[in-house]
Each structure stands twice: as structure tokens, then as C-alpha cells.
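Single-structure report; data block below.
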Amino acid sequence: VEEARTGLMAQFGLSQVQAQAILDLRLHRLTALERGKIEEEYRQVMHTIAELEAILADEGKIYSVIRDELKKIREIHGDERRTRVSDAGPDDLEAEDLIQEETVVVLLTNQGYIKRLPADTYRSQRRGGKGIIGGSSKAEDFPETFFTASTHQRILCFSDQGKVYTLMVHEIPEASRQARGAALINLLSLGSGEKVTAVIPAGGLGEGNRGEGYLFFATRRGVVKKTLASEYTAVRASGLIAVSLDDDDRLIGVKLTDGQREVVLATREGMAIRFAEGDVRSMGRGARGVTGIRLAPGDEVVGVVVSHGKRVGPEAPDGRAESGGAAASEPSLLVVTERGYGKRTRPEDFRQITRGGKGVKVATLDAKSGKVAEIRLVVDEEIILISAQGMVIRVPGVSIPILGRNARGVTLMRMDPEDKVAALALAEGIKP
């Protein structure tokens, strides 16, 4: 084929396209019988070329052709418009409207990794079980903060260095139980060595007394502060100063209040103090705060709760509330130790005094129970415990007995010898 094409081009002065066209013809078309058809096709092609060149040479003819073609298009497709064109957009449509609203569990690790999981990931178990794996169990990175929220919520993230950041729950990557999660530093503008220690939903701000709520802060060295919640509604991407801290202090807890609550602070060595929130005056966003509890050498605050101070249950003859004696709808103080022991205690068992005192014993601690890990105010929620090795257990709150201040408590989670409780969360609104 290549030799025939070259020969035609050399002998007759044909182009490569012309030579290839001849080679593509069937043999019978080369005879005189087909010569008339070929000549007619040639004349038609030349006539078309002349018409096209005439059109391109005359701008009037170009517009005439365009007009005729548009008329034909209108005749074929000229039905009524099926869509409505408008320059007005959906003003009330936000990014959250495209996200399915659901309750999720958010887990934050000691090294600052965060993830969210469906709420039904952790099935309900009887207290005293060993739990299931809740995340990465690397020795240098254990789960530390655990809470539940809606995917449509905006949350305020308070760091141990006293700054506050904001984040939408649906912006937190969803991951499996075994996954480590995403680095929180990629979601928030955290500084070097800064870690999030408290998270609250921003949707409750400004709903307290007289339409105004408060944020109550507690630090590791026993300092407390109360500030109007409205001062934290507009948080920049780079964060805001939430509370001023001493050089050796760190923020350990933040609570949303209405200004008329009672506060309980608990320490790692098993001491607790209960005082009226009114003892702490409202201060500015950048204020340091005042002394909430006087600490013994080496001790530190591990938890803060706020309550209405209501009587929880009937008192037993020995001075303690009977197990199950409290109404399910009334609050009690949950105390959990590092070795997985826990109990519920009436807030009234802690005599209210003025802030700044040493407090009273919250539990009897020994080598078997370990130090106090956390305290929470509970009603009838389910409790989710997570260990430093990543084990998670979820138990009904009503299964935890109500005991006196001096009691050690019962086994909530069986711990390996080298493991300890790292965090706990209340499974509010989650069904077993």
C-alpha cells in the first residue's frame, strides 16, 4: 500500500490524501462505468466549496445563514421553557442543611487526634464488664476526652492554655473504632503544645437568667472564674483568650450555667468542695479568676460540676442513701476512680461552704481504687468509660449505687494491671 501511494504521488503529482482516496476505491469504480458518478460528485463538491467561500466573503450572508438555522431550531425545539431562571439564590440554605442531623460520639486523644463515630457504636453492657476497643491503644496516645453531640451543633473548644476555638461537629472526620482520627491541629489553629481540655455546645449560649448565660471556668490549681457567655459567641478562626492563667496552671473544665447554680470541685487526692456560684462574681473574658479550693501539696483539681443542689434521695439509717433510693429524675454526683471504681453520691452530702476552703473527703481511696479520675453530675444517663489502653464500656447510670462520701464504690470497669480510666462521657439521648 505504501509503495502504491508513493508511485501515484510521484507519477501524477497527487497529494497524499488524493493518492489514499484512489487506493480506497474499489476496482470496479475505476472503470468507465463509474466515471460519470465520480465526475458528478466532483462537480457537487466544487459547487459546495464555491458557496462556502461566497458566504465567508460576505458578512451579510453569514448572518443570513445564522438566522435561517436559528429559525429551524425554533421550529423544532420552540416549546415553552421548562425551567425558571432567577438571579435570587436560596438565602436560608446553609451548609448544615445538606448534612444529616444525627447524634454522634466524638473522641479526642491525649495527643490531639479527633474523630466522630455513630452513637450506636458502643452497645450497652452491664457494669463490671471489660468493654470493647474504642480506638488506637498506642502507649503514647490514649483517649482522653469523650462526649456526645449533634452533627448540626457548633462546639466551643477550650484549650489548657486558656484559649477558645469553634468547630462544627460535622467538620470532624468520621472514622472507625480502631482508627486514630484526624489531628486536631489541622482543624483548629492551636499553638505549640496546646491541647483541648473542655468542649461545650455553643447552641446554649445566652439562654440563662434574664436571657443571659454564664461560662464557669475551673483550673488545675483550684482557680475559678465566671464570665458572661455572650463574650464567647463570636470566636475568630485564630481563637480568643478565654481565661488568663498562671504560668504553672492549666484549664481543666468549663461549664455553661445560669448564674444561680452550686459548684462542686473535686481533686485527685479525693477532696471536694461545694459552694454557691454566687460566691464568684462575673468577670471579663481576660480575667484570671479567684480561689475556688485550697489544695494540699501535690494535689490538683480533676473535675468541676454545677448543680441546683436539690436533695437526691431518702437517707438511710446509717447516714447514707440507699442504692436505688434516689428518684431516677434527680441528679447525683458520679465519682469514678482510675482503677474503674465508681459510685453516685448526693450533692447534699457535701456541706456547702464559702469558696476557698479545703473541702471534705469525696471517697475513700487506696491502691485498689486508685486516685479520683473524674466526677460528673448524672440523672439517668448511660455512662461511657474509656481506658488509657482504648477499652470502652457503656453502662446504665441507674445500675450504679448511691453511696455515702466515705465509700469507695463498686466496680464499673475491670482494668488490666497497667491500665487506668482516661475519660468518661454521658450518653445523653442515646438508646442502648
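The values are calculated or read from the model by the stated rules, or taken from the named source; none is laboratory data. Note that the structure is predicted; figures quoted are calculated from it, not measured. When we count neighbours, we look across all protein chains shown, and the Cβ atoms used for this are built from the backbone with ideal geometry, even at glycine. The protein model used for the area step is the full one, side chains on, heavy atoms only, and it has no ligands, DNA or RNA in it. Shrake-Rupley method; radii C 1.70, N 1.55, O 1.52, S 1.80 Å.
A few comments on the model shown:
- Sorting 53-60, 100-107, 172-179 by their mean Cβ neighbour count within 10 Å, with the most densely packed peptide first, gives 100-107, 172-179, 53-60.
- Here the Karplus curve 6.51 cos²θ - 1.76 cosθ + 1.60, taken at θ = phi - 60°, turns the phi angles of the range 172-183 into couplings of 7, x, 7, 8, 7, 4, 7, 6, 6, x, 9, 5 Hz, with x standing for Gly and Pro.
- Ligands, DNA and RNA are left out, and with a 1.4 angstrom probe the accessible area of the range 242-286 is 38 Å² per residue.
- Whether the range 333-432 is rounded, prolate or oblate, judged on the alpha carbon gyration tensor where a/c under 1.5 counts as rounded: oblate
- Summary of packing: across the peptides 191-201, 227-237, the per-residue average of other C-beta atoms within 10 Å ranks them, highest first, as 191-201, 227-237.
- Taking amide H as placed 1.01 Å from N in the peptide plane, the amide H of GLU102 sits under 5 Å from that of THR151, HIS152, each at least 5 places away or on another chain.
- Label-point separation, ILE76 to VAL290 (7 Å along Cα→Cβ), nm: 8.5 nm
- If the segment from ARG43 to LEU56 were pulled out straight at 0.36 nm per residue, it would be longer than the present Cα-Cα gap by 2.7 nm.
- Per atom type, the range 336-399 shows carbon and sulfur on 51% of its accessible surface, probed at 1.4 Å.
- Solvent-accessible area, 1.4 Å probe, carbon plus sulfur percent, for the range 155-276: 44 percent
- Global form of the range 222-311, assessed from the alpha-carbon gyration tensor, a/c cut-off 1.5: oblate
- Links that overshoot a 21 Å alpha carbon limit, given the list LYS195/LYS255; LYS195/LYS361; LYS226/LYS361: LYS195/LYS361; LYS226/LYS361
- Those residues of the range 408-423 whose amide nitrogen sits under 20 Å from the label point placed on THR364, 7 Å along Cα→Cβ: 408-413
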